[in-house]
Every structure is written in C-alpha cells, then in structure tokens.
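The values are calculated or read from the model by the stated rules, or taken from the named source; none is laboratory data. What you see is a predicted model, and the numbers here were worked out from it, not measured in a lab. Every residue, glycine among them, receives a Cβ derived from its backbone with ideal geometry; neighbour counts consider all protein chains shown. Accessible surface areas use protein heavy atoms only, side chains included; no ligands, DNA or RNA. Shrake-Rupley method; radii C 1.70, N 1.55, O 1.52, S 1.80 Å.
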Amino acid sequence: MSTAELYTQPARLPVARSLGASLVILVAAVALIGPLLIPGDPLAQSLLKALSGPEATAPLGYDHLGRSVFHRLCAALMLSPLIALAAVLTAGAAGLILGTLSAAMGGWVDTVLTTLADALLALPGLLLVLIVLAMVPGTATGFWIGLSLVLWVEFYRLTRAATREVLVSPSVEAARLLGFRAPYIFRTHVWPEIAPLMLTTAAFGIATAIMAIAALGFVHVGMRAPTPELGLMMVELLPYWREAPLALLSPAIATFALLLGLTLLAGSRET
Amino acid sequence: MSFLTATDITVRDGAQTLLEPLSLTVTPGEPLIILGETGSGKSLMAQAIMGTLPAGLRAQGEVRIGAHTLSASEPRRFRGLWGREISVLPQEPWLSLDPLMRAGTQVTEAHRLVRGLSAADAKARASSDLGQLGLTAAARHYPHQLSGGMAQRVAIAAARAGGAGIVIADEPTKGLDAARRDDVADLLLSEMGDNGGLLVITHDLALARRMGGQMIVLRQGKVVETGATETVMSAAREAYTRALLAADPESWTRRAPSRRDGPPVVDVHGLSVARGGRELFSGVGFDVAAGGVFGITGPSGCGKSTLGDAVLGLVAPAAGTVTRRADIGPHGFQKLYQDPVAAFPRKRRLGETLNDVARMTGESARVAPLLEQLGLSPTLLERRPGAVSGGELQRLSILRALLRRPALIFADEPTSRLDPITQARVIGMLGEIAMTEGTAILLVSHDAALVRNTADAVLPLGKTVLPEPQPDAASVATAPH
C-alpha cells in the first residue's frame, strides 16, 4: 500500500446534494402543506375567473377554465412523484433481487435475465410505457407497470455488475470458508457496496419517471384531462401564455425544480 | 556536481508532521537507496521532491534539480521538469502502460511529446532505445502480450525517453520474485550508467544490497541512519537498522520442526490443475502433517497459489485427488490472503466481523486471549480494514481463522506486502500457531529463503513437470528443483 492511500482527501462538502435535497423537500412541502393552508378544489371551475391573476384563495391565479392553478399544481405534484416513487420501488426491488440472483447463480439464469434486460433496453422507454398504457385499464396503474418495466433494467445491470465483483473478492471467499451462508454474505459484503449505487439510481429513476409522465401528458397520450398533471397543465396553458404567463410558468418551474433537485441529490454516477 | 539536492524537506498534514526535515543528494553514477517500512514516509518524500503530493499535504524545503532551484511548497512549478529532468519509474508496469497502444508507439510518443522530436526522429529513437533493451521484436506488441520483465523494460524506456537525468524508482520490485528482482536491479544500474541519477525507494533488502551506492534508512518520518549501503548493511550503527536487517529471511535462523505424528491432515496425490486451457502443473503429490509447516515456493505464475486453492477445494483439479483426514469438518481448512485488506468486508468494523465469526463458532471467549497472544490492541477492533496496517490486519486474519479451530491454514503469500520486520513477526506467529494449536500451515511464498527457514518440508514448484515425490513429506524438502 502506498503512503498516499493512507491520507485521503478531506471530504468535500456535499453542497450539490444538500441543495438537491432542499429543492425536493421544498417542492414536497408545497404539495403537501399548500392545500392545508389554502383549502381549494383542483377541479372546481369558475369560468368568470378564467385566466385572471393571483388572489388570496388562488395564489397562482386561474387557468383557462377558471380552475385554481395553485391547487391543480399541488395535486399534480402529488400524482406523478407518487407514481414515480412506486415504479422505482418496484423496479428497484425487482432489479436488486434478479441482479443478485444473476450474479450469484450465473449459468442459464444469468443468460436468460441478461438477454431479457438487453432486449428491453433496445426498446425506447417511452414506447414501452405507451404499449403498456394501451393494454392496462387505468392510466396511473399503466404508468406504474410501464415505468417499472423500463426502470428495473438499470437496477438489474448495476446490481449484477457490482455483486459479481464482490462475490469473487477474497473477503467473500474467506467468509464462505469460515462457514457464512448467502444471507450473511449479502447483508455484510454485497449490500454495503451496492446501497449507494441503488440510492443514486433511485433518484435518477424518479426523475426519469416524472419526466416520462410529463412528456406523455404534454403530447396528450398520458394522463387524461381533467386530471391535474404537470405535462398536461403545461400543454393546456400553452395557448394562453400571453394572457396568463404565471399560470403556464408555475408547472414548468415546479417540474424543473423537482427534476433539478432529484438530479443533484443523485450526484455523480461514480459514487 | 550533484544532480538532485533536497534540503530540509518536510511534509505535514495540517498540524501533524509526517516527514521530519530530511536532506539528500543524488550524485551521478551512484544510486541513493531510501529504505524503510510501510508508513515510514519514504514515498511521501519522493512525492515531495517530485511535487506530486496528494492534495491536503503540505511540503516545505528546497529542491535543486540540475540548474533549477524550486521550493517544495509550490508543487505546480515542478510540472515543467517532469519527464525532462526528473522521471518516475512506475511501480507496476503493466498498470502504467496503455493497454490499447503498441509498446513501440508508447515510447515514440514520449520521445515526440516530452522531448519534442519530430515524428520520424522519435520513431527512430524509440526503436533504437528498445533495441538496446533487447526489445526489438516487442515493439509491435501490446502490453498484454509482454511478459512482466519486458513490460518493465518498456516502461523504463518510456520513462527515460524524455531525457530525464534523474530517475526515481518507487518500489520497483514490488510483487516480483527473486530472479526478476535481480533483473530489475541490474537494468536500473545499467540504465543509470555513469552520469545518470537514481533514487530507489524500497523496503526490499536484497534489492538494496544489489544496488549498492548510498543509503538513507527512514522510520516514522525520521532519518535513522545514513551512509554507504555496504557499510550500513554490514555494520549498522542503529538498533532499528540492525532489527530491519535481521528481519531479512536470508538471515533468519531455521525454525525447529513442529510436525506431529499421526495421519496427515491432507493427502494430495497426482494433482493436475489447468487454468484457461493451460496446464499449470501436473502429477503433484505431497501430504501435510498436523502441526507442521509445509512450504510451497516457486517463481510467479508457476501455479503455487492455485495449488493451495486446489487443496482447499476452491479450484477443481483436472486430475488427481485431495484427501482430507476423515475427522476434519467442512470448515476445517482456512486461508490467509496476500492482501489482508481485501479479505475483510470493506465497510464493516473489524470487531463486528470478528464477533460474527465468534458467535457462529461459539468461540467468543477466545477473542481476547488471541488478541493478546498475537500482540494486537483491542482498540483496532473499532476500526475498519482500510485504517489498520497490513501487518496488524494479517494478524487479525490469523485470529479470525483460528476462531474456526482449523486443521490447516493455507497462507497464500501472507507477508509479500509487509515490511521485513512485520514479515518476520507474522511468519513467526504462524510457526508458533502450528506448534501450540497443532494447526498445519500450508505456506506459499515466492521467497525461497523465507520458506526454507520456516517450513518443515518444502515443495519447489517450477514450470517443469515434477516427479511424484515420496509420500514422506520430509523427503520432499530435498527434492531436486
């Protein structure tokens, strides 16, 4: 061991990560606490107020159908992040289990799973989500299943690669010789190595999922109106950008803040 | 005239002093050896002289390289001298060569970009350099097609291409066997010639002896002794230097045999192992007696570690049998690794790892006495593997293996990454364990002297097919190589 390795650099303050966490917490706080402080219905229409500016009961003004943009935004910020979170949890669990199995068993299990993952990877993610949306009744369920199908591949590949490396290391060989069994080896050798990777991938995965839901909403093939959804809100308000710029900017800024926050939180892929 | 003079070099990490004021002079034609154990500050000193200290460490002092005078506190200003005035010989040449570039191209590149020759001149110089090193044919090869020694020579050619008069070799023989070590020493000496400067940083006493020249012995950032290498090595003034020299396996006294009578722990018969379609060895047979130390030695790549793995059942043999004594349980064979850091879970405290083992084997009560027996401080258990020295970690590996009450411990190059004093200590402990616990030790090392002075019986493993030795292990010790 060279002497240099003994003196590691002082850890750089994770400014980016704290900033990312603050952004995500801020957006979540608005979505959760906002409707409690200023009660309102995201679907209630008042055509007289269409496109009018902010007021006490609607801090971000009204959209073209006279619905409170603030309350629609809060509802939208609850919807897609929740679907995204559910999809990432499912995909993460599936990727972790299948990746570990693949690395530990090798042979035909590994071949079959890797081929499947590669095949899915060759398909554009949004297309896969669209296919599932067409087959599954219920848009939210469709998004959840479709996004899980897209996202598990990355978890699987990372888990498989990292686990394979750990499993051939002397530390695992020593543990096996000492008589430790697979659950212990996973808990003490494999999981500590892949946990940081998993968290980073999860943050990226949530961002990807939110983006996918918004993108499909924006081209009218995702969530159906009148559901408040970020992409759908943007495309609905786009024709009125001159009359109600704030109404259009609010979902755009909220989406941007959320995605930036998640990306910063994920940090670099090297960690 | 001296090539390189460093005056009062110090290295600090915040308030902590890692290297106390050190001055040295490298004169042309005479190598300067910096000898010290791991953590003695010898690599830090080289980095301070080169201006390549890791971020966070501060150096002070004055460095004169040729006609340039620089301050060690301004590492940026050294950059212009790299390759042209002063160059570093990489530790492990295979890792420092570009795997995607032919050997000749790598040397040409250095001539062209560092020395600034035209493309044609650079190519001509590179091929003549390689020709002088006996590498004409190797110029068209990629690094993976070169042997270790050839890769080392290519790395030397590339390091020297910039025309640097001073070469710093940091542990040039790390991980090499005795024959290759001598080759490297001779090569360094011949490359230095009569007017080159050479600074060798090492813990390898055999290398130091072969290089000669001047020597500085370092310990914990302080200079212990300086003088001509020959004088220091034959008549050391300081107690520490004498301890360091005595730790050389060549000068160990032979350990008394400790093998016990009774059926052997393991009986190997007609064993052949192939890896990647290549037969490593065939027809190997021996047996290991309880309480005995059985040594296997040979040049790197001869398959001696694989032989040990085959005995443990980690590698499937192509032919032959490995028979354990009938009463030995499935976990009765344990292993010590060359790199003890890699043998522990990286992110877990050592105490937790040991407790897990002790709980599983029901030997919790033995941890404390074993710590004491192996001379380990209980505070080490609070740390993670990366924060403990190699020698301590190897002793903790021994402790961990003993918690299984093994019948045999396969020690795979257990001390090749340790300094001589620690090496002597760890090997001594292994011998003691064989004696007191009755555990058989299968000791694999490239260091023939170490094995010869430790083992009751030795199996020399070469590239040739071995004749089947007599079943009596003691007779194997005298088997012709």
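Name the residue that is nearest to A:Trp191 (Cα to Cα), counting only residues in the stretch B:334-352 that are open to solvent by less than 20 Å² (accessible area, probe 1.4 Å) and more than 7 Å from every other protein chain (Cβ to nearest Cβ).
Going through the qualifying residues, I end up with B:Leu350.
Confirm whether B:Ala434 is at pLDDT 90 or above, away from every other protein chain (no Cβ under 11 Å), surrounded by 24 or more Cβ atoms within 10 Å (Cβ to Cβ) and not in a helix (DSSP H, G or I).
On the way: at pLDDT 90 or above: yes; away from every other protein chain (no Cβ under 11 Å): yes; surrounded by 24 or more Cβ atoms within 10 Å (Cβ to Cβ): yes; not in a helix (DSSP H, G or I): no.
Here the answer is no, as B:Ala434 does not meet what is asked.
Looking only at the stretch A:173-192, count how many residues are more than 8 Å from chain B (Cβ to nearest Cβ), in a helix (DSSP H, G or I), surrounded by fewer than 21 Cβ atoms within 10 Å (Cβ to Cβ) and not small (Gly, Ala, Ser).
6
From the residues in the stretch B:35-64 that are on the phi > 0 side of the Ramachandran plot and within 8 Å of another protein chain (Cβ to nearest Cβ), which one is surrounded by the fewest Cβ atoms within 10 Å (Cβ to Cβ)?
Ranking the qualifying residues of the stretch B:35-64, first place goes to B:Gly56.
Of everything in the stretch B:169-203, what is among the polar types (S, T, N, Q) and in contact with a helix residue (DSSP H, G or I) (Cβ under 8 Å, 6 or more places away or on another chain)? Give them in sequence order.
B:Thr173, B:Thr202
Any idea which of A:Ala203, A:Ala195, A:Ala266 is open to solvent by less than 40 Å² (accessible area, probe 1.4 Å), under 19 Å from the mean Cα position of the chain (by Cα), at negative phi and without any contact (Cβ under 8 Å) to a residue 12 or more places away in the chain?
The unique qualifying residue is A:Ala195.
If you take just the strands (runs of 3 or more DSSP E) that sit entirely in the stretch B:34-95, which of them hold at least 3 residues that are closer than 22 Å to B:Arg115 by Cα and not acidic (Asp, Glu)?
Correct list: B:68-71, B:86-89.
Quick one: how many residues across the stretch A:83-133 are open to solvent by 40 Å² or more (accessible area, probe 1.4 Å), out of contact with any helix residue (DSSP H, G or I) (no Cβ under 8 Å at 6 or more places or on another chain) and among the small types (Gly, Ala, Ser)?
Residues flagged as open to solvent by 40 Å² or more (accessible area, probe 1.4 Å), out of contact with any helix residue (DSSP H, G or I) (no Cβ under 8 Å at 6 or more places or on another chain) and among the small types (Gly, Ala, Ser) within the stretch A:83-133 amount to 4.
It is to be established whether one or more residues within the stretch B:353-365 are away from every other protein chain (no Cβ under 13 Å), in a helix (DSSP H, G or I) and surrounded by 15 or more Cβ atoms within 10 Å (Cβ to Cβ). Don't jump to the end; show me each part of the working.
Our first condition is that a residue be away from every other protein chain (no Cβ under 13 Å); within the stretch B:353-365, this holds for B:364-365.
Among the residues that remain, those that are also in a helix (DSSP H, G or I) are: B:364-365.
Those still in the list that are surrounded by 15 or more Cβ atoms within 10 Å (Cβ to Cβ) too: none.
There is no residue in the stretch B:353-365 that is away from every other protein chain (no Cβ under 13 Å), in a helix (DSSP H, G or I) and surrounded by 15 or more Cβ atoms within 10 Å (Cβ to Cβ).
Could you tell me which residue of the stretch B:400-419 is farthest from the other protein chains (Cβ to nearest Cβ), considering only residues that are part of a helix (DSSP H, G or I) and either among the aliphatic types (A, V, I, L, M) or surrounded by fewer than 21 Cβ atoms within 10 Å (Cβ to Cβ) (or both)?
Taking the candidates together, the pick is B:Leu402.
Does B:Val388 meet the test of being within 13 Å of chain A (Cβ to nearest Cβ) and either within 19 Å of A:Leu167 (Cα to Cα) or touching a His at 6+ places or on another chain (Cβ under 7 Å) (or both)? Before the answer, list the steps.
Values: within 13 Å of chain A (Cβ to nearest Cβ): yes; either within 19 Å of A:Leu167 (Cα to Cα) or touching a His at 6+ places or on another chain (Cβ under 7 Å) (or both): no.
For B:Val388, the condition - within 13 Å of chain A (Cβ to nearest Cβ) and either within 19 Å of A:Leu167 (Cα to Cα) or touching a His at 6+ places or on another chain (Cβ under 7 Å) (or both) - is not met.
Can B:Gly428 be described as open to solvent by 10 Å² or more (accessible area, probe 1.4 Å) and assigned to a loop (DSSP other than H, G, I, E, B)?
Working: open to solvent by 10 Å² or more (accessible area, probe 1.4 Å): yes; assigned to a loop (DSSP other than H, G, I, E, B): no.
In short, no.
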